[in-house]
Amino acid sequence: AKTYQNLHYLCPTVFDGIIELLDELKRQNCSISMVTGKGPQTCPISLEYYGIKKYFEVIKTGSPEKNVKEIRINEVINELGYDKSETVYIGDTPTDIIDSKNVGINVYSALWKPKLEDEDKIIALKPDKIFYKTKDFIELIKK
């Protein structure tokens, strides 16, 4: 974790538009939780570094043993009493789509990073929506 913290300067900021996106979700009274593959040691480092922890009601991290994202998504839904029909997972990997569909919630793919190597796989898995720019997602939220 110390090495991760020391090298975090290599990723100095969140993606363009992310803070605006989080602010808009809050303005719209959306509940925001985080389920990430990052581990319990590295996730807090990133949240602190970027100053974004304040946006999330619940934060669930990954496991080095196996993919637990589906389990963690269900934990958040149960803890906060979310309605699955009104819950959306926003992810950037093929497993994000698979896990969200297995849980029975909508999934939006965030492809606003530079070209992802899994982009074709993500598209083939047919997420409910695909966003190539954060501003497009912000516009949807404003509607």
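Read-outs throughout are calculated quantities, based only on the coordinates presented, and are distinct from any laboratory measurement. Since the structure is predicted, the reported quantities are computational estimates derived from the model, not experimental observations. Positions of Cβ are generated from backbone atoms using ideal geometry, with glycine treated the same way; all protein chains shown enter the neighbour counts.
With the structure loaded, tell me whether residue 31 is in a loop (DSSP other than H, G, I, E, B) and not charged (D, E, K, R) or whether it fails that test.
yes
Of everything in the stretch 5-59, what is touching a residue at least 40 places away in the same chain (Cβ under 8 Å), surrounded by fewer than 14 Cβ atoms within 10 Å (Cβ to Cβ) and farther than 23 Å from residue 111 by Cβ? Give them in sequence order.
Within the stretch 5-59, just 41 meets the criteria.
Out of everything in the stretch 61-92 that is assigned to a helix (DSSP H, G or I) and hydrophobic (A, V, I, L, M, F, W, C), what residue ends up being nearest to residue 113 (Cα to Cα)?
That would be 73.
Show me the helices (runs of 4 or more DSSP H) found entirely inside the stretch 93-143 where at least 3 residues are touching a residue at least 40 places away in the same chain (Cβ under 8 Å) and touching a Gly at 6+ places or on another chain (Cβ under 8 Å).
Output list reads 134-142.
Scan the stretch 106-125 and tell me whether some residue there is within 12 Å of residue 88 (Cα to Cα) and acidic (Asp, Glu).
Looking through the stretch 106-125, none of the residues is within 12 Å of residue 88 (Cα to Cα) and acidic (Asp, Glu).
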